[in-house]
1. Given only helices, namely DSSP H runs of n ≥ 4 each adding -39500 (n - 2.57), what is the per-residue ellipticity at 222 nm of the chain, to the nearest 500 deg cm²/dmol?
2. Sorted by packing (mean other beta-carbon atoms within 10 Å per residue), highest first, where do 344-357, 235-248 land?
3. In the full protein assembly as shown, how much of LYS198 is accessible to a 1.4 Å probe, in Å² to the nearest 10?
4. In bins 5 Å wide, starting from 0, what share of all Cα pairs of the stretch 311-465 does each bin hold, as a percent?
5. What are the membrane-span-like helices in the chain by this rule: whole DSSP H runs, Cα extent along the axis at least 18 Å, mean Kyte-Doolittle hydropathy at least -1.0?
6. Rank GLU11, GLU411, GLU93 by accessible area, highest first, at a 1.4 Å probe radius?
7. How much length would be gained if the chain were fully extended between SER426 and VAL300, taking 0.36 nm per residue of separation minus their Cα-Cα distance, in nm to one decimal?
8. Candidates [x] 70, 23, 17; [y] 37, 30, 23; [z] 56, 25, 18; which is the computed semi-axes √(5λ) of the Cα gyration tensor in Å?
Amino acid sequence: MKKTFQTIDYEWLTRTTGDPFADTGGYVIQYLSNIYPDKDIDWLIDYVTKIYVNDWDAKLNAFFLNSKITQPAYKGAKKISETISYFKALIEEKEKNEQGFCRITGRNVKLFNAGRDNSMMSGSGTFINFHHFFDSGLKLSKEVIIRMHFVPLGSLLLAGKVALLKSNDESLSYFFVEKNIENNLANIRNGIKEGVVKSEFKNPANAIFDFVDKSLSQFKRLEKKASLTLYHFTNFGASPEIEIYHLPATVFLFYSLCHKINYKQDWQNFVRAHYKNSKNKGAIYNRQDRTFNIEKKGKVESIDYDEYKTWTNSILDKLLNGQSLVPEFHQWSKKGNKIHFDIIRIYLQNIRNMKKETIDKLLELADFIIKDKSEDQIRKSINKLNGASKAHELRRFLLNLVEENYNNENEKPLITVKDYTDYLFSDSSNTGEIRDVLLIAIYQKMHELNLKIKLAEEITEEVEQ
């Protein structure tokens with residue numbers, strides 16, 4: 001970028017701050033500077049302002065309230081000229097200012113007022129109670145306010161609200177903004193001038209995991225501790241609001257591991273079978289071609305992934321919201337579906353914090369229940385385990401296995417005191433998950449041995465803790 005203004009600290013136009021809005025604007029400035037290296041910041045301001053007004057018809061109400069661009073009193077060229085005049089005065093430090101510490105960068109510099117007209121999710125006017133000492137706005141450096149002006153070009157709309165994504169891995173944060181800029185500019189070139197590009201998804205979970213999918217394809221190596229935070233907001237009128245969705249590093253890592261070549265097919269079949277759509281009730285997932293089939297007017301129609309990926313998905317929702325997938329793993333396995341047990345093991349250890357020794361013991365118990373048993377014996381064991389809806393019933397079931405092992409005169413004890421107290425029924429263990437994981441292990445071993453045992457339809461009750 002060309003640097004001619006003595007009053008601008010150019011480093012702070014793009015330097016990472018940790019603020020999702022300021023950083024998004026900084027990434028946009030960085031992207032445009034790479035395209036137009038001989039242009040200064042005033043030219044870039046003029047460039048995006050003309051996009052907002054001429055190409056997007058000033059549709060920035062979700063970002064700014066009564067700004068020079070969204071102000072109804074200004075029309076067409078007036079919106080552009082007023083905006084340019086404001087930023088010129090800001091750069092020349094002719095706007096009202098005071099010395100102090102910038103709320104976002106922490107620098108001791110000249111500070112300017114930032115309200116809902118030139119920043120997002122802040123207070124101004126009747127919302128001065130948002131700020132310390134009832135100031136008329138946030139006190140920010142001019143560099144940060146300039147960055148805010150570029151945010152729309154690096155954003156997308158998700159279900160009618162603005163979506164910004166921030167990661168502790170800077171390459172992911174920049175990648176998100178970069179793709180939005182490219183899509184926004186491509187729409188303009190193609191004559192689509194409806195404003196900020198719209199996401200094809202309707203809910204945050206689908207959008208976040210679609211971005212993870214794209215990231216896994218784009219980057220061969222990602223920071224193992226990468227996490228994502230989606231800011232879903234609107235600064236519109238009298239009803240500004242924001243929802244924050246966080247994808248922890250543990251979930252990101254688990255999801256990425258599921259896409260390794262040994263697990264990917266099993267994982268994708270498991271996830272894709274859980275898409276639902278109210279307009280396509282009765283659609284049945286086909287594991288062979290990974291489509292949904294639905295009967296309409298006597299004909300079977302096939303729905304491919306590009307269409308059904310926008311439907312609601314309970315697995316993605318639960319991963320994002322921190323809810324257990326063990327019930328879904330249980331039902332999937334019970335229906336005879338194959339899923340690599342490593343996926344379940346990784347999930348239990350890293351997401352549910354189940355001890356490795358607990359999982360190993362449950363696999364050993366599953367072996368004991370199945371090995372050298374008749375189909376009728378296996379069926380009875382599964383039915384008893386499904387019927388163990390109370391913690392003491394599960395304990396009794398396991399103690400019966402211990403007794404059976406003893407009566408068989410096996411030298412090695414099936415469950416030791418340490419197994420019982422530290423790994424199966426410790427204070428931190430979840431008895432319901434212990435039961436369900438044991439059932440999953442049994443079903444998966446039956447699948448490996450190609451055992452087809454017809455089981456009675458039953459409702460598996462939640463185990464009381």
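1. On the way: 16 runs with 195 residues, N = 465.
Roughly -13000 deg cm²/dmol at 222 nm, from the helical runs in the chain.
2. The most tightly packed comes first, giving 344-357, 235-248.
3. My reading of the accessible area for LYS198 is about 120 Å².
4. Pairs per bin, as whole percents: 2, 8, 18, 23, 22, 16, 8, 2, 1, 0, 0.
5. Numbers: long enough: 20-35 (23 Å, 0.29); 77-91 (21 Å, 0.33); 170-189 (28 Å, -0.38); 204-218 (21 Å, 0.04); 356-370 (22 Å, 0.47); 391-407 (24 Å, -0.62); 431-448 (26 Å, 0.06).
TM-like helix candidates: 20-35, 77-91, 170-189, 204-218, 356-370, 391-407, 431-448.
6. From most exposed to least exposed: GLU411, GLU11, GLU93.
7. Values: separation 126, 0.36 × 126 = 45.36 nm, distance 5.13 nm.
Once the chain is fully extended between SER426 and VAL300, it gains 40.2 nm.
8. It is the value labelled [z].
The values are calculated or read from the model by the stated rules, or taken from the named source; none is laboratory data. These figures come from a predicted structure and were not determined experimentally. All Cβ positions, even for glycine, are placed from backbone atoms using ideal geometry, and neighbour counts span all protein chains on display. Only protein heavy atoms, including side chains, enter the accessible area calculation; ligands, DNA and RNA are left aside. Shrake-Rupley method; radii C 1.70, N 1.55, O 1.52, S 1.80 Å.
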